[in-house]
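Report on the following structure.
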Amino acid sequence: MYDFHYHRPKTLADAVNLLKGKDEARPMSGGMTLIPTLKQRLAKPSDVVDLGGIKDLAGIKVEGNNVVIGGMTRHADVASSADVKSAIPALAHLAGHIGDPAVRNRGTIGGSVANNDPAADYPAAVLALGATITTNTGKHAADSFFKGLFETALSDGELITSISFPKAEKAAYMKFPNPASRYAMVGVFVAKTAAGVRVAVTGAGPSVFRVKAMEDALAKNFSSAAIKDIKIPADGLNSDIHASAEYRAHLVNVMARRAVDAATK
Amino acid sequence: MTAQTGIGARVKRKEDQRFLTGTGRYVDDLPLARATYAHFLRSPHAHAKIKSIDTSAAAKMPGVVAIFTGKDTADAKVGGLICGWVVKDKHGQPHKAPPHPVMALDTVRYVGDTVAMVVANSHDEAKDAAEAIKVDYEMLPANVDLATALDKGAPQIHAEAPGNLIYDWELGVKADVDAAFAKAAHVTKLDLVNNRLIPNAMEPRAAAAEYDKGTGNYTLWSTSQNPHVLRLILSAFVLGIPEHKLRVIAPDVGGGFGSKIFCYNEETMVTWAASRVGRPIKWTAERSESFQTDAHGRDHVTHAELALDKDGKFLGLKVETIANMGAYLSTFSTAVPTYLYATLLAGQYTTPVIYANVKAALTNTAPVDAYRGAGRPEATFVIESIVSKAAKELKMDPAELRRKNFIPANAFPYQTPVALQYDSGNYPPIIDEAIKIADYKGFEARRAEAKSRGKLRGIGFSSYIEACGLGPSRVIGQLGGGVGQWESAELRFNPTGNVQILTGAHSHGQSHETTFAQVVSDKLGVPIENIEVVHGDTATTPFGMGSYGSRSLAVGGSAIVKAADKIIAKGKKIAAHLMEASVADVVFEGGTFKVAGTDKAVPLGQAVFAAYVPHNYPLEELEPGMDENAFYDPSNFVYPAGTQICEVEVDPDTGEVEIVNFTAVDDFGNIVNPMIVEGQVHGGIVQGVGQALLENAVYDKETGQLVSGSYMDYTMPRADDVPSFKLGNKVTPCPHNPLGVKGCGEAGAIAAPAAVMNAVHDALAPVGVSHVPMPATPLNVWQAIHGARPAAE
């Protein structure tokens, strides 16, 4: 990797200050994407601001009808949290199947959501559950947060402090992993909350997206039979050596049905 | 004393103590004082002219010690890398041999081709400087596609090989095979692609070199499977450093699978540059460099036809193959798709006539060479795929069709129509045992049960033969091989009775430190903890040919037995002197020399001590010391054989294939350590499963870039991709080596691709799918099912 200045601030304010005014400064949470990128010399930041020293960014609490997860909370902690398991078991399950044990013990929910990798798991949960993303400067609704390939509504210097997930009546996540990387080649999160039914798809397109037709059908009849014939257009979906766009479109339907079945079990 | 550590015992691996506690010593671990670090600038293009290279800015970068380009090596008259096996084409002409410079001179021919070497005080500084080298490329048309490499108008890769053809080679008499086909009641035809693989040893290739100005001696530490052969090639062909002035050490090496047999440009350059720089130079491949530049494996396009009579007896086999050589000929590349492939096309069967035509083609890809099994997996995939397809077409049981055509046990030694003479074997009991273990009879019930869960279940056979234990030197020479294929061993006793086995074989995962020690423990009655195996250093071990082709025990182990026999013969003379008996009356049992019918006894240790402290010793007739060496050249290859049965379930919704049962029954002759052999079989099967379901080296046809250039896109098999294997074994001892052993290192990888793919095809037959390309990835399976379905559905 190229040389850079490394910082490990103890407070959020210090972190924000360190990032301010430096074009090439990068925040780092778990580093699960940034470090491999640096090692391959694909990024050349002037400064890396490690958020790992900021104690109050990690943690899980239940606030009313919501589970609030700190931005620096590790996947392993979400997976094993009694609060998450009881309120939204599908979210704990999702976190427990990200990457491998090493990744789950380093990677964070804030890092994953801020990075918005098209094959990441968490964006599907955030969008399907209609979560709210809180940052040092304000709040974002899930629907207006994910903007495109590795793009989000976050401004420069804006850091995710926590994500608030409403409890779900029914929810499940089904992932068809890429055979090589085991990232989601197609991952579908289906959730029924007080706000209604949502179906969010990751891995298949340039960014996580909702399937309105399936949501409408499931709102009427929450069963896999209700969405059996809902086809997803292949146009605009990802295509690579592991899956064509047509195959991904097909898998969205299969994974959605399996998620609905799992959510109703 | 040795029952628990001798031949046949499940001795735990001696080497695991250091490997499992992180105390192995690999090339990259070497602490070399004043070391510099090399980084290689590689071609980003598949095919381009180098118009100019400007290193002036890079040379001024911090920490840079030296920069070398192809011009420097050419000026210094560094030789090119060689191909060590001359294959003569069907007209008797030697294969085309385009030059393989250690650094590109005026043209780059694949993504990863070596353009410049930067030597710096640190690896990062070397990389920084490499980025500052300005190379002006003029793009040339490139081709990475094997199927079109020999087409008219395909981009010409080397002027020395017109039409990209390295050779057009044949084995067998075509007219005889055509005559057999004319009489056939049925002909089964098959087109297949044997997918290209990337070896992915756990330890990437590495090299470190040091030049001693005082003595003029070079030392090269390399991740080599065969340090003596590497030294020979570097000395005699490439660098011209006399053999006695070049020491090659291959210390602990983390896997090779063939890819570390060959002489590569990086180790050559590191050695050459060490004397110019005047400091040691270290280089360790990054994983992405391994993907791009380790010699790849397989990569065939094949059309085959099998003629059968009305009863299902094989009448003849025709095989046409195009084999990818990559952009340059690697060390043994030419032999792999010819003498290690077509000679195996008889398989376990009595097919009376066989004709094979192999064309070797150049493409703008990394060189292709031997990879676990080397030619034999490709041959087995052709035979076992077409036999299973024939059984389907004839509505015959696949096991029955195989049995009907097996070479009978009383026919050995058996001369095949493709040059080899199988020494021993008994195939029917192997398939019977496999069928029993796999509960073949219960399969249809399992298929029906799977169907009730919406899964398509299938079963596949693969009955393989392989020729390994390379090999009889005279035959190798007749076929164009440039080296002998014997192996060496030395048993060096110390005065206190412990012993070093010095072997010319090299262990990079094979467990020689345990297996070879067991052989000596068994033969000489020495406790295994008193035995040390020494390997991998040209300065300390006798000249040896290294490890590949499942040869270490069959050939290297045989040399050890010969040396042990010499120890016993000498010991008998010493013991006879000590016991005041006649040599003829001395017997050696359980580590002790005895005079039959008396209570006189001299333990081996006492004889050894007497040999080193020869105060009471027949010095007039016998030299002191106890140190014997032996060379063993086998009279034939060895022929392990076996049957694998794979059972899969396919999820028709997703195309996923799950292996639910896997049985392998092998005949490896006598077995020294069953635990280690089982481990070899497990590893081999996993590599074969990897090829069948997961692994695929993909170059982009437009850009020539290696798309599967990292673990993000190259699918290595993982533990959860395979079930617990069910193994069995049958023994027909090898009749021509003293241990009666055959090789076990490659069998799993040789047989498994066909077993898995036959099972996939069996599973998909009910939905109308007749062909799935290998690897049977979810995408390939889904597309096959999707394509096979009527449009209305």
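The values are calculated or read from the model by the stated rules, or taken from the named source; none is laboratory data. Just so it is clear, the structure is predicted and the values come from calculations on it, not from any experiment. Because the Cβ atoms are built from the backbone with ideal geometry, glycine has one as well, and the counts that use them run over all protein chains shown. Just the protein is used for accessible areas: all its heavy atoms, side chains included, with ligands, DNA and RNA removed. Shrake-Rupley method; radii C 1.70, N 1.55, O 1.52, S 1.80 Å.
Per-residue packing, averaged as other Cβ atoms within 10 Å, sorts the ranges B:265-274, B:491-500 into the order B:265-274, B:491-500, beginning with the highest.
Looking at the protein assembly as shown, send over the antiparallel percent of its DSSP beta bridges, to the nearest 5. Roughly 80 percent of the beta bridges in the protein assembly as shown run antiparallel, per DSSP. Over the range B:60-182, all Cα pairs binned in 5 Å intervals from 0 give whole-percent P(r) values of 2, 9, 13, 14, 15, 13, 10, 8, 6, 4, 2, 2, 2, 1, 0, listed from short to long. Note on A:LYS20: lysines with a C-alpha under 24 Å away, same-chain residues under 8 apart excluded, are A:LYS10, A:LYS44, A:LYS55, A:LYS139, A:LYS147. Taking the 1.4 Å solvent-accessible surface of the range B:590-639 as the whole, the part contributed by carbon and sulfur is 52%. The Cα-based radius of gyration of the range B:55-103, divided by its Kirkwood radius, gives an Rg/Rh of 1.27. Starting from the Cα gyration tensor of the range A:47-198, take the square roots of the eigenvalues, sort them a ≥ b ≥ c, and report rounded, prolate or oblate (rounded when a/c is under 1.5, otherwise prolate if a/b is larger than b/c, else oblate). Rounded, since a/c falls under 1.5. Of interest is the spacing of the C-alpha centroids, which for the range B:498-575 and the range B:32-69 amounts to 43 Å. Where only DSSP H runs of four or more residues are counted, chain B gives -7500 deg cm²/dmol as its mean residue ellipticity at 222 nm, each run worth -39500 (n - 2.57). Checking the Cα-Cα distances for B:LYS134/B:LYS260; B:LYS96/B:LYS318; B:LYS189/B:LYS392 against a 21 Å cut-off, the pairs over it are B:LYS134/B:LYS260; B:LYS96/B:LYS318. For the range A:175-209 versus the range A:130-152, the inter-centroid distance based on Cα atoms is 17 Å. Of all lysines in the structure, those lying under 20 Å Cα to Cα from A:LYS39, and not within fewer than 8 positions of it along the same chain, are B:LYS127, B:LYS282.
Leaving ligands and nucleic acids aside, the A/B contact buries around 1900 square angstrom of accessible area in total at a 1.4 Å probe radius.
When a 1.4 Å probe is rolled over the protein heavy atoms, the share of accessible surface on the range B:49-187 that falls to carbon and sulfur comes to 53 percent.
Have a look at B:LEU192, B:ALA207, B:THR223 and report the one farthest towards the positive end of the charge dipole of the range B:150-227, computed about the Cα centre with Cβ charges (Lys/Arg +1, Asp/Glu -1). The Cα lying farthest towards the positive end belongs to B:LEU192. Overall shape: prolate for chain A, with the ratio a/c of the largest to smallest alpha carbon gyration tensor axis at 1.5 or above and a/b above b/c. Using the average count of surrounding beta-carbon atoms within 10 Å as a protection proxy, the listed peptides B:736-748, B:698-710 rank, highest first, as B:736-748, B:698-710. Rolling a 1.4 Å probe over the protein heavy atoms gives the range B:149-248 an accessible area of 42 Å² per residue.
Looking at this model, which pairs from B:LYS359/B:LYS562; B:LYS389/B:LYS726; B:LYS174/B:LYS730; B:LYS313/B:LYS441; B:LYS213/B:LYS562 are more than 30 angstrom apart at the alpha-carbon? Flagged as over cut-off: B:LYS359/B:LYS562; B:LYS174/B:LYS730; B:LYS213/B:LYS562. Using all pairs of distinct alpha-carbon atoms, the Kirkwood hydrodynamic radius of the range A:169-263 works out to 13.0 angstrom.
For the protein assembly as shown, the equivalent ellipsoid derived from the alpha-carbon gyration tensor has semi-axes of 51, 38, 31 Å in decreasing order.
The mean accessible area for residues of the range A:169-263, using a 1.4 Å probe and ignoring ligands and nucleic acids, is 38 Å² per residue. Considering only Cα atoms, the convex hull volume of the range A:1-137 works out to 114 Å³ per residue. Relative to the Cα centre, the charge distribution of the range A:169-263, modelled as +1 at Lys and Arg Cβ and -1 at Asp and Glu Cβ, gives a dipole magnitude of about 240 debye.
Return a single number: how many Lys pairs in the range A:169-263, at a sequence separation of 8 or more or on separate chains, have alpha-carbon atoms below 16 angstrom apart.
Going through the range A:169-263 pair by pair, I get 8.
Given R₀ = 51 Å, what would the calculated FRET efficiency be for A:ALA153 paired with B:ALA76, taking r from the Cβ atoms and rounding to 0.05? Efficiency, rounded to the nearest 0.05: 0.30.
In the assembled protein chains, B:LYS245 presents an accessible area of approximately 60 Å² (probe radius 1.4 Å).
What the Kirkwood sum gives for the range B:186-274 is a hydrodynamic radius of 14.6 Å, with every pair of different alpha carbons counted. Taking the inverse of the mean 1/r over every pair of distinct Cα atoms in chain B gives a Kirkwood hydrodynamic radius of 27.8 Å.
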